[in-house]
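The values are calculated or read from the model by the stated rules, or taken from the named source; none is laboratory data. Computed from a predicted model, the values in this text were never measured in an experiment. Positions of Cβ are generated from backbone atoms using ideal geometry, with glycine treated the same way; all protein chains shown enter the neighbour counts. Keep in mind that these areas ignore ligands, DNA and RNA; they rest on the heavy atoms of the full protein, side chains included. Shrake-Rupley method; radii C 1.70, N 1.55, O 1.52, S 1.80 Å.
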Amino acid sequence: MSVKERLKKFIQTQKMTVIEFERSINASNGYVNSIHKSIGIDKLNDVIEKYPNLNIEWLYHKFSIVDIEF
């Protein structure tokens with residue numbers, strides 16, 4: 001699973017749409033779908049600040065989602 005796919009999984013657990021998530025971190029429409037390998041450091045900081053319950057190790061590594069508490 002890629003960073004983009006894990007981020008989308010996290011967004012689903014927050015019961016929001018991708019567009020709502022993008023707005024919440026002041027990203028442009030389509031930002032999440034444009035992620036290829038990683039999130040830019042500026043946006044990553046926005047995500048961490050807004051969603052402290054997002055486990056960054058899970059986002060960037062291949063842990064099973066069942067091993068991570070949201």
Of everything in the stretch 43-61 that's at pLDDT below 90 and of a type outside the set (A, V, I, L, M, F, W, C), which residue is nearest to the chain's Cα centre (by Cα)?
Y60
Working only within the stretch 1-42, note down all residues that are under 17 Å from H61 (Cβ atoms), touching a helix residue (DSSP H, G or I) at 6+ places or on another chain (Cβ under 8 Å) and modelled with pLDDT of 90 or more.
V3, K4, R6, L7, K8, K9, F10, I35
Inter-residue pairs, beta-carbon under 9 Å, first under 13 Å from L7 (Cβ atoms) and of a type outside the set (S, T, Y) and in the stretch 43-55, second open to solvent by 30 Å² or more (accessible area, probe 1.4 Å) and part of a loop (DSSP other than H, G, I, E, B), 6+ apart
K43/N26; L44/S38; D46/N26; L54/Q14; L54/F70; N55/F63; N55/E69; N55/F70
Residue hits (the stretch 23-53; of a type in the set (S, T, N, Q) and within 18 Å of K9 (Cβ to Cβ)) are S24, N33, S34, S38, N53
Helices (runs of 4 or more DSSP H) wholly inside the stretch 1-42 that include at least 2 residues being open to solvent by 60 Å² or more (accessible area, probe 1.4 Å) and of a type in the set (S, T, Y)
none
